[in-house]
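The values are calculated or read from the model by the stated rules, or taken from the named source; none is laboratory data. From a predicted model like this one, the values you see are computed outputs, not experimental measurements. Neighbour counts are summed over all protein chains in view; Cβ atoms, including those assigned to glycine, are modelled from backbone coordinates with ideal geometry.
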Amino acid sequence: MTWIKRLGYCYNIAKGSESISNQMSHLIVGVLAGLPTYAVSARVSIAFYLGALLELPTGVVADVLGHRRTLIFGYAICAFASFFLFMSCRYSGTPVSMPMLVLSSVSSAAGGCLVSGCLQAFIQDYIDRHVEHSGETDGCVSELRAKALALSQAYGNFFSAFLPTLVLAGVFALYHLTGRSEWALLVPVVTYGLLSLAFCMMRTAGERTTPSVSMASHFRDYARKLVPFLRAVQGRGRAGQWLMVILLLRMTLSILTVIHVHTYLMVSQLRTLDLREGGWETLAMGFLVLAAFDLAHYPKGWIVPFVSKRLESTRLIYCSLLAQILLALIVLGVIRLGYSAGAVIGFALLFNAVFSPGHMTLQSVLLSDVPEHLRATMFSLVQVVVLILYGSYSALLSVSGVGVDRPEHILVQLLSMIGLGMVLALGFDLISANRTVAALVDDI
């Protein structure tokens, strides 16, 4: 098995587990469990605001302790968060329900923060170790480093596409037969527990094995490594610093886009179906909507590697942004014609295929520009901004009583974010080109 294939399996198993947990949580809490209508936005708001406080400290902890070790604790805490959510839904309508929901949100924020930036850093570490020994020339190494994650999406799609779909089918069947769906929340308890165990058994080359060194010594070593990086950023000049800022903003917008699709667009469409009052036909349509978000990993698995092999990394990002705009415009038009459910299903099936090439390439470009021992910290900086912005949006929806916007409004918001991402990409390339020309003039 090649390292690209192993990378694909690792990434898709982790994302499949995350998909199972997130989709079941939104479905059961927001629609099936009988919790108050504000439960989804309240849960998201708590998780995002607390995450904003914890994200940066956990990123530093991940870089200090090691990315693999941090993933062990992160996935274990995520398992407990899913269990607390099960307890909240199991005893909905009782005094214990909302405290358990809050406890689940707090645990989810802590575990999610430990995993979020750390997993991306772990993946980039893995890519770098194998790219350095690939025997490619310098130019090819840069391209391979930027596109390796996108190329790996051809492998492991059963875990990210079909397995979550089968689990969701079980949720709907359980609800249709018994009227209770919360028992399905024990599935992410098991999957997250297995991921924690898998990383516990894994070993990576060059990992620290000196437990006798104190935690204070580890943090002092981290600070000593941080100072040279900050000096190097200062030495890039004004143009180089602006490039770094724009790159961080582009990554922030990219993450906001995918969260908006997989959280609010999905819940919005499910709420328009009224699953609690409808019959089995309505439940079947709800299942198709949810399954589309999981099955989207399958077309992504063959479209993303196909496109990535044929385009340079810069063109790949622009192609991805343009495809997202075109897809959103088409789906928005279909919704205006009155085919909301079919339009959202089509959008969900194709979104990952057009979004992932640019997002994964941008992520690798950002992390490859950062030393290995600072990658989780850098990604956590991005996540802090994401959490603050999205937590504010969720709080606004809760306070205003809207709860969740309609699908067409969400698509307009997505178009705005993607358009801003395109503007930032053009600005990044313009500054980069001017900087290159200035450097050539100085050399002459």
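A few notes on this one:
- If you go through the stretch 41-69 and keep only what is in contact with a Lys or Arg (Cβ under 7 Å, 6 or more places away or on another chain) and among the hydrophobic types (A, V, I, L, M, F, W, C), you end up with nothing.
- Given (1) assigned to a helix (DSSP H, G or I); (2) more than 19 Å from HIS297 (Cα to Cα); (3) among the small types (Gly, Ala, Ser), index of the condition ALA328 fails: (2)
- When PRO371 is tested against (1) within 30 Å of LEU54 (Cβ to Cβ); (2) over 20 Å from the mean Cα position of the chain (by Cα); (3) at pLDDT 90 or above, just one condition goes unmet, and that condition is (3).
- Which listed residue, of GLN324, GLN363, is among the polar types (S, T, N, Q) and surrounded by fewer than 24 Cβ atoms within 10 Å (Cβ to Cβ): GLN363
- Selection count, the stretch 273-328, where residues are of a type in the set (Gly, Ala, Ser) and either at pLDDT 85 or above or under 17 Å from LEU149 (Cα atoms) (or both): 8
- Which listed residue, of LEU247, LEU290, LEU321, is of a type in the set (A, V, I, L, M, F, W, C), in contact with an Asp or Glu (Cβ under 9 Å, 6 or more places away or on another chain) and touching a residue at least 60 places away in the same chain (Cβ under 8 Å): LEU247
- Each residue in the stretch 390-399 was checked for being more than 19 Å from the chain's Cα centre (by Cα) and modelled with pLDDT of 75 or more, and 3 pass.
- Residue within the stretch 84-107 that is touching a His at 6+ places or on another chain (Cβ under 6 Å) and farther than 19 Å from THR191 by Cβ present: no
- Only one of TYR49, TYR75, TYR11, TYR38 that is at pLDDT 75 or above, of a type in the set (Ser, Thr, Tyr) and farther than 30 Å from TYR155 by Cα: TYR49
- The one condition from (1) surrounded by 13 or more Cβ atoms within 10 Å (Cβ to Cβ); (2) modelled with pLDDT of 75 or more that SER217 does not meet is (1).
- Taking helices (runs of 4 or more DSSP H) as the structural unit, those lying wholly within the stretch 92-191 and holding at least 1 residues that are surrounded by fewer than 20 Cβ atoms within 10 Å (Cβ to Cβ) and basic (Lys, Arg) correspond to 97-131.
- When the stretch 366-386 is filtered for residues that are part of a helix (DSSP H, G or I) and more than 20 Å from LYS15 (Cβ to Cβ), the ones remaining, listed by number, are SER368, GLU372, HIS373, LEU374, THR377, MET378, LEU381, VAL384, VAL385.
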